[in-house]
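See structure below.
The values are calculated or read from the model by the stated rules, or taken from the named source; none is laboratory data. Keep in mind that this is a model prediction, so the values were computed, not measured. A quick note on method: Cβ atoms are made from the backbone with ideal geometry, for glycine too, and the neighbour counts reach across all protein chains shown. Calculation scope for accessible area: heavy atoms of the full protein, side chains included, ligands and nucleic acids excluded. Shrake-Rupley method; radii C 1.70, N 1.55, O 1.52, S 1.80 Å.
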Amino acid sequence: MSAGRFLLLALAFAVAACGERAKLDRLPSEAVVLAFGDSLTFGTGATEAESYPAQLEQLIGRRVVRAGVPGEVTAQALERLPGALDEHAPRLLLLCIGGNDFLRRTGNAQAERNVRAMVKLAKSRGVNVLLIGTPEPALLPSPPAFYAAVAKEFGVPYEDAVITEVLKDASLKSDPIHPNARGYRVIAERLAALLKKTGAI
């Protein structure tokens, strides 16, 4: 094979590899998953057993800790995360935070800095991360672009659509900004599918 042809094949392989979804380490059966965030993680609008962490636990057969605090902004979550990581020693962090920053219009730059710091902290402790985007309130709501940028920067899987899809469907909501039990089930199922696709389960 000529050097030029080899370089072309190597380049094609590199481009294909860049397009692959980020992978996660396989979760042992005894592994702890930390679901961390605000009211969407707490399960506001449904019972604790109907929250997405509780439903996800049933789907993946791993312990999923529900560590959501209603009303919390990213700055508060960043302060709380080290203690939660110490307490639960998770193998995987499911990070779903930012909605209250958007509702309070505190500025996306601040939310981006805090989300990046949380991902960096978890990764520095050897904890895998799955990032979940939260939409901004708008006529056509969607997560800000910084979520995808942070996921790409740290090479972590990113679920960009499920929260937006659920909150667009009145039959899946308990109020304008929270899912109901069926909505949380959709979130849990989507995350379980992504964990399978990325090799975690």
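Quick one: is A138 hydrophobic (A, V, I, L, M, F, W, C), out of contact with any strand residue (DSSP E or B) (no Cβ under 6 Å at 6 or more places or on another chain) and touching a residue at least 12 places away in the same chain (Cβ under 8 Å)? So A138 fails the test. Please list, ordered by first then second residue, the pairs with beta carbon atoms under 9 Å, 6 or more apart or interchain, first in segment 159-170 and at negative phi and open to solvent by 40 Å² or more (accessible area, probe 1.4 Å), second modelled with pLDDT under 95 and not in a helix (DSSP H, G or I). Listed pairs, sorted by first residue: K168/P141.
Which of the residues belonging to segment 29-71 are part of a loop (DSSP other than H, G, I, E, B) and surrounded by fewer than 16 Cβ atoms within 10 Å (Cβ to Cβ)?
Looking only at segment 29-71, we keep the residues that are part of a loop (DSSP other than H, G, I, E, B), and these are 29-31, 38, 43-47, 51, 61-62, 69-71.
Of everything in segment 29-71, those that are part of a loop (DSSP other than H, G, I, E, B) and surrounded by fewer than 16 Cβ atoms within 10 Å (Cβ to Cβ) turn out to be S29, E30, T47, G61, P70, G71.
Given segment 82-201, what helices (runs of 4 or more DSSP H) lie entirely inside it while holding 2 or more residues that are modelled with pLDDT of 95 or more and over 20 Å from L40 (Cβ atoms)? Steps first, please.
Numbers: elements: 99-104, 108-124, 146-154, 162-168, 181-197.
In segment 82-201, 108-124, 146-154, 181-197 are the helices (runs of 4 or more DSSP H) which contain 2 or more residues that are modelled with pLDDT of 95 or more and over 20 Å from L40 (Cβ atoms).
The number of residues in segment 72-126 that are crowded, with 19+ Cβ neighbours inside 10 Å and either under 24 Å from A161 (Cβ atoms) or not hydrophobic (A, V, I, L, M, F, W, C) (or both) comes to 24. P135 meets all of the listed conditions (1) open to solvent by less than 30 Å² (accessible area, probe 1.4 Å); (2) under 11 Å from the mean Cα position of the chain (by Cα) but one, namely (2).
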